[in-house]
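All remarks here apply to the structure that follows.
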Amino acid sequence: MATNRTFTMIKPDAVENNYIGGILKMINDAGFRIVAMKYTKLSAEAAGKFYEVHKERPFYGELVTYMSSGPIVAAILEKNNAVADFRTLIGATDPTKADEGTIRKIYAKSIAANAVHGSDSDENAQIEGDFFFSKLERF
Ligand code: CMP
C-alpha cells in the first residue's frame, strides 16, 4: 500500500535562478503539505552517498559534482499517494520529455540540472527523508 510521504530537493540550478518560491507554490497548490524543510548545501561526499544507487551509471560523477555545486532545498512532503502524485507533478527526468505544466517543463534546464528531485518509491522516500531530517525536525 502506498504511504503518504515523499521526499524532494530543489536543486542548485533552480535555487540559483530564484525558482524556490515558484516551485514551492506549485507544490502547495497541488495539495502537498510540508512536513520538514531545510535550506542547505551538500558536500561532494554527502551527494555521493545520497546518490549511491547510481554509482555505476556513467553520469554519477557529473551528478555528484552538480548536486554539491550550490545550495539546495530539501523537504518531506505529505499527501495521499505522495510518491506517484509528486512524480506526476514534476514530470519526466529529461525536461524535453516532461509534460506541459509540470515543474521540470517550466523550470528545468537539462537532464542533469533538472530543477527538482522526487523519490521513486515509498522505500526510497523513507531512506531519503531520513538522510536529511531527524524526528525532531518533522511536523
Ligand atoms: P533525480 O530525480 O534527482 O535522480 C537521479 C538524477 O540523475 C536525475 O534526477 C538526473 O538529474 C540525473 N540523471 C539521470 N540521467 C542522467 C543523464 N543521462 N545524464 C546526467 N544526469 C542524469
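The values are calculated or read from the model by the stated rules, or taken from the named source; none is laboratory data. Please read all numbers here as calculations on a predicted model, not as lab measurements. We place every Cβ from the backbone using ideal geometry, glycine too, and count neighbours over all the protein chains shown. Just so you know, the surface numbers come from the protein's heavy atoms only, side chains and all, with ligands and any DNA or RNA stripped out. Shrake-Rupley method; radii C 1.70, N 1.55, O 1.52, S 1.80 Å.
Here is how the numbers come out for the structure above:
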read-out	value
Unmet requirement for I111, which otherwise passes all of (1) hydrophobic (A, V, I, L, M, F, W, C); (2) within 11 Å of the ligand (Cβ to nearest atom); (3) within 20 Å of Y39 (Cα to Cα); (4) open to solvent by 40 Å² or more (accessible area, probe 1.4 Å)	(3)
Qualifying residue in region 123-132 (condition: without any contact (Cβ under 8 Å) to a residue 12 or more places away in the chain, surrounded by 18 or more Cβ atoms within 10 Å (Cβ to Cβ) and over 13 Å from the mean Cα position of the chain (by Cα))	no
Failed condition for Y39, given (1) within 20 Å of F132 (Cβ to Cβ); (2) surrounded by 17 or more Cβ atoms within 10 Å (Cβ to Cβ)	(2)
Residue match in region 58-71 (condition: more than 15 Å from the ligand (Cβ to nearest atom) and touching a residue at least 12 places away in the same chain (Cβ under 8 Å))	yes
Filter pass, Y19 being exposed (fewer than 14 other Cβ atoms within 10 Å of the Cβ), among the aromatic types (F, W, Y) and more than 10 Å from the ligand (Cβ to nearest atom)	no
Test: residue in region 24-31 that is in contact with a helix residue (DSSP H, G or I) (Cβ under 8 Å, 6 or more places away or on another chain) and within 16 Å of the ligand (Cβ to nearest atom)	yes
